[in-house]
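Every read-out reported here was derived from the displayed coordinates using simple, explicitly stated rules and does not represent laboratory data. Everything numeric in this text was worked out from a predicted model, so none of it was measured. Reconstructed Cβ throughout: ideal geometry from the backbone, glycine too, with neighbour counts over all protein chains shown.
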Amino acid sequence: MSKIEMSDLMERYRSISRTIQNDIQNCSRVVNTIITRDEPTSKTAADLNSTLDILENMRDAWGNFSSWMLAVTLDDLEEARKNCAPGVIDIKSKLFRSKKKIEKELKLKRLKIKIEQEDQAVINTYIPYFEQLLDLLIGNAAKYSNEGGNIDISYSRNAHSNGLIVSISSIGPMVEKFEIPFLCNDGYRGDKAKKATTQGQGKGLFIANKICDLIHAKLIFIPNSRSNFEISGVPYSNFEVQVIFPDDVPSQSQQP
């Protein structure tokens, strides 16, 4: 696909995406208003709540498709940056957004996400890609966590340079130190992860690393070789992912 075709595709996609998201949001608002204002019968209220569930599923499905649309642009970082203007974001609000997106999975696996709330921290970055990066990393932690487990998330200023560090820590199938250089390879899954019952294609960290290249961030993996417990013979241990974000992304004229 040529650059001109990709640009046209992304322009049309953004227009359609805004329309769909606004329509879903407006429909949900109308249904909620009817429920709270009109005091419908129990049967009607149940039907309206079912409608809300359908709208939520539509929103989630479109969100997943949107993530895929963003991912297909990552083979050409220059083109990807052109398709997404940077903006200022609040870190805490974006972390809670990603947490909310996987509420169903959290309930299903009885997982708890604890977000250590610091003072307000903002950075200037490519917002959709930043959101997708958090979704991938937090979703990955939830995917590989054992049932009833915890995911600890924190953020702080980088003590060694300008920027911000986001840390995501959880317990999952043990990752060996020798596997670290391969974790971002397309299709790679650790030996213990493959032996666990969790299904995967080894795409999450591969895409996450590409996004980091795009937004000038850096991924750091911190495994723990000491097993906390075993599930079906697979050792589980703590695994921490750190992402170092710059305070600001270079302008197009400053790009290498």
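Loop-located trypsin sites (Lys or Arg not before Pro) in region 80-112 (DSSP state not H, G, I, E or B) with no more than 11 neighbouring Cβ atoms inside 10 Å: ARG110. Every helix of 4 or more DSSP H residues in the chain counts as -39500 (n - 2.57), and over all residues that averages to -16000 deg cm²/dmol at 222 nm. For GluC sites (Glu not before Pro), the sites in region 91-175 that DSSP calls loop and that have at most 11 other Cβ atoms within 10 Å are GLU147.
The dipole here belongs to the chain: it is taken about the Cα centre, uses +1 on the Cβ of Lys and Arg and -1 on the Cβ of Asp and Glu, and is about 520 debye. Its alpha carbons give region 177-256 an Rg and a Dmax of 15.7, 54 Å. The radius of gyration of the Cα set in region 88-254, together with its Dmax, comes out at 15.8, 54 angstrom.
Region 193-228 and region 13-73 have Cα centres lying 31 Å from one another.
Computed across region 16-56, the Kirkwood radius stands at 10.6 Å (inverse of mean 1/r, all Cα pairs).
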